[in-house]
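No value in this document is a laboratory result; all are computed from the given coordinates. Small disclaimer: the values here were computed from a predicted structure and weren't measured. Using ideal geometry, Cβ is built from the backbone for each residue, glycine included, and neighbour counts are taken over all protein chains shown.
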Amino acid sequence: MTEQVPDQSAVAWPPVAADHPALDILNTVVQIDGKPVDSWASDADVLRWLRRMGWYGEDGASAGPARGLLKSARLLRETVRALVAGRKSGGSIDPRPLNDFLAKAPSHSELVCDEAGVRLERRRMTKTPEQLLAPVAESAAELLATGDFDLVRKCEDAACTMWFYDRTKSHRRRWCSMALCGNRHKVAAFRQRRQS
Ligand SMILES: [Zn+2]
């Protein structure tokens with residue numbers, strides 16, 4: 001199977017514009033004409049997304065998608081969505097569903113010494129859906145524990161459900177992306193100004 005070159009543009013499908021990988025998983029569901037559209041429809045879709053995000057390397061690529069990956073990925077996505085929304089609203093959150101996920105994918109550090117030098121690498125299994133999704137679950141846990149939730153925000157478009165981490169200097173990012181909601185609002189504001 002030839003792998004596509006990852007498309008980094010904001011309008012690639014699904015958009016990868018959250019500036020935090022654990023929020024990009026939430027944005028794999030996009031609202032189109034007021035209806036949620038899931039960009040994942042199969043185990044292979046999820047695997048392709050993991051690879052695009054750099055979470056699934058070429059080693060082990062021949063193993064093919066683990067059965068049940070779509071179901072697990074959707075469960076993880078909605079678990080992370082509930083936790084992010086809960087953390088954002090300042091209420092108490094229940095970490096157990098995410099911890100269950102993390103517990104099913106243990107990994108270990110390995111000290112690697114070769115001609116490139118001495119470094120620490122994380123060794124993971126990639127046989128079960130939970131193992132394949134472990135880096136996403138760990139990234140989400142990290143965000144929930146250490147992220148600045150003043151900067152974790154939902155797109156200001158009321159109908160849009162996308163999240164992002166505002167890494168702009170001014171911390172005044174408002175839209176999931178200019179290509180999606182930003183331009184639409186710019187055009188609407190321009191029309192309104194012209195009419196008044
Ligand atoms: Zn948006």
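With every atom except the alpha carbons ignored, what do you get for Rg and Dmax of region 105-196, in angstroms?
20.8, 68
Defining a contact as two alpha carbons under 8 Å apart and six or more residues distant in sequence, what relative contact order in percent does the chain show?
On the way: 228 pairs, mean separation 46.4, N = 196.
Value for the chain: 24 percent.
Out of the trypsin sites (Lys or Arg not before Pro) in region 156-196, which ones are loop residues according to DSSP with at most 14 other C-beta atoms within 10 Å?
Arg167, Lys169, Arg172
Rounded to the nearest 20 debye, what is the charge dipole size of the chain about its Cα centre when +1 sits on each Lys and Arg Cβ and -1 on each Asp and Glu Cβ?
The dipole magnitude comes to about 1020 debye.
Hey, can you grab everything whose amide H is under 5 Å from the amide H of Asp157? Only 5+ residues off in sequence or another chain; H modelled, so Pro and N-termini drop out.
Under 5 Å from the amide H of Asp157 lie the amide H atoms of Cys176, each far enough along the sequence or on another chain.
So for region 44-196, taking the charge dipole from beta-carbon charges (+1 Lys/Arg, -1 Asp/Glu), which of Cys176, Ala82, Pro135 sits furthest toward the positive end?
Selected residue: Cys176.
Give me Ser139, Ser107, Ser196, Ser42 sorted ascending by neighbouring Cβ count inside 10 Å, so fewest comes first.
Working: Ser139 19, Ser107 14, Ser196 5, Ser42 11.
Result, fewest neighbours first: Ser196, Ser42, Ser107, Ser139.
Most exposed first by the Cβ proxy, i.e. fewest other Cβ within 10 Å, how do Thr146, Thr28 rank? Spell out each step's value before the answer.
Values: Thr146 7, Thr28 21.
Listing Thr146, Thr28 from fewest to most nearby Cβ atoms yields Thr146, Thr28.
Give me the angle, in degrees from 0 to 90, between the Cα long axis of helix 43-52 and the longest principal axis of the Cα atoms of the chain, rounded to the nearest 10.
Once rounded, one gets 80 degrees.
Compute the long axis of helix 69-89 from its Cα atoms, compare it with the longest principal axis of the Cα atoms of the chain, and write down the angle in degrees, 0 to 90, nearest 10.
Approximately 50 degrees, to the nearest 10.
Which is the longest run of the chain containing none of the GluC sites (Glu not before Pro) found in DSSP loop states (not H, G, I, E, B) with at most 13 other C-beta atoms within 10 Å?
59-114
Under 15 Å from the Cβ of Arg153, count the other residues' Cβ atoms, weight Lys and Arg +1, Asp and Glu -1, and hand me the total.
Details: positive: Arg81, Arg87, Lys88, Lys154, Arg167, Arg172, Arg173, Arg174; negative: Asp19, Asp24, Asp148, Asp150, Glu156, Asp157, Asp166.
Cβ neighbours under 15 Å give a net charge of +1.
Can you list, bin by bin at 10 Å, the percent of alpha carbon pairs in region 21-195, starting at 0?
Taking all Cα pairs of region 21-195, the binned fractions are 9, 31, 32, 19, 7, 2, 0 percent.
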